[in-house]
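Single-structure report; data block below.
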Amino acid sequence: MRSVLIVDDDPFIRKLVSTTLEDVASFKLHEAANGIEAVELAAEVHPEVVFLDIDMPRMDGIEACRRIRELDNGAASKATIVMLTAAGAQENETRARSAGADLFLTKPFSPLDLLRLVDELS
Amino acid sequence: MPGKGTITDVSVLQERLASVERSAAEKEQQLERYAADLRETFKRERERRHELRRSYMATVRALCNAVEARDAYTGKHAERVAAYGMEIAKVLDAPFSEDPEVEFGFLLHDVGKVAVPDSILWKPEPLTPEERLLMERHPVVGWEILCEIDFLGEAKLVVRHHHERWDGDGYPDRLAGDLIPLAARVFAVADVLDALTTVRPYRQPSSIEDARAVIEEARGTQFDPEVVAAFMEIPPSRLDAIRLEVG
């Protein structure tokens, strides 16, 4: 089954994103709390879309993004990676883009943008 | 120990507090964003609902005009009957008095006449029994034409039963009393009111007063007594105003 991976250290945000996306598209939703978990889970479930918070303890989103791109499986390395960024962090966006991020959602993100994005990808 | 913390402890605590506050503020902003999107979605959905209602109405009117275009005499008969019918419904406090579906039914009541040949529809002499049978099929034909249109809901029952009589002597299903849908019972009164008060090839129009007397006379035979009672509550001046308004 096609899947979406939601990565944020804040359980509140993970819950919000997964509740928003539940039943909207035929994706199975997975959650991870940091970059390390994210890379492990991506290797396992081959997500088509990854929502990746840029600022996390242990391994941040940029590093996780790079490692997901380097994963030795076709699906995850081709995933659409959507970075969740804080407003006004231009420099981070540039770094994330070079690490392989495709799209950006600025926090606080618009739930409608989130839904439209997943709708387009499904 | 309380009150014996070092400066380092205090600064660690302050830092932790600041981080908690930051996180709470982020959550709050995120919730506000959800609320804003919800509000916008609601407004858009409301606008679409109105748009949909307008286009349903325009579609129904177009269909209704197509039916009436064949009949130079009745003119805006359907629109007047719909307006009278909704007025009676208001007095009755009928559950459908705010319901656009029933108004659609009033407007479309004769749509089945598209299947009646001109030679019968226009025949000045009395109809033969066969011709009458064909003519009396129009409520069923109308119902069949509309039966797949979901948004018409109850309207389809008005179309099917608008020629039933309270005493069971009507058509097509010879329903009597409460078995006739209320909207169709209301329609029957409005229909006769308009037929009597407009010019027909064979006679001059009656006054509203005369029409009221005719309807009162048929209370309990052709018409539901309660619907007639509600109708009689409407001042003739109000009925006149509706007639002039629709044209």
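Before moving on, here are some points about what is shown:
- For chain B, the longest principal axis of the Cα atoms and the long axis of helix B:182-197 meet at an angle of about 50 degrees.
- Estimated 222 nm signal from helices in chain B, with DSSP H stretches of n ≥ 4 weighted -39500 (n - 2.57), rounded to 500: -21000 deg cm²/dmol
- Reachable lysines, given that their alpha-carbon falls under 22 Å from the alpha-carbon of B:LYS43 and they are not under 8 places away in the same chain: none
- The GluC sites (Glu not before Pro) found in the range B:23-126 that occupy coil by DSSP, while having at most 11 further C-beta atoms within 10 Å, are B:GLU98.
- Dividing the summed -39500 (n - 2.57) terms of all DSSP H runs of n ≥ 4 by the residue count of chain A sets its mean residue ellipticity at 222 nm at -13500 deg cm²/dmol.
- Note on the range B:73-246: semi-axes of the ellipsoid equivalent to its C-alpha gyration tensor, largest first and rounded to whole Å, are 23, 20, 16.
- Taking every C-alpha pair closer than 8 Å and separated by at least 6 residues, the mean separation divided by the residue count of chain B gives a relative contact order of 18 percent.
- DSSP loop chymotrypsin sites (Phe, Trp or Tyr not before Pro) with at most 14 other Cβ within 10 Å: longest gap in chain B: B:123-201
- Relative contact order for the range A:3-121: 25 percent, from Cα pairs under 8 Å spaced at least 6 residues apart, divided by residue count.
- Placed amide H near B:GLY168: partners under 5 Å, 5+ positions off or other chain: B:GLY177
- Mean-square fluctuations from a GNM of chain B, with a 10 angstrom spring cutoff on Cα atoms, peak among B:ASP110, B:ASP194, B:ASP210 at B:ASP210.
Any read-out appearing in this document is the output of simple, stated calculations on the displayed coordinates, not a laboratory observation. The structure presented is a predicted model; accordingly, all values stated were derived computationally and were not measured. Backbone-built Cβ (ideal geometry, glycine too); neighbour counts: all protein chains shown.
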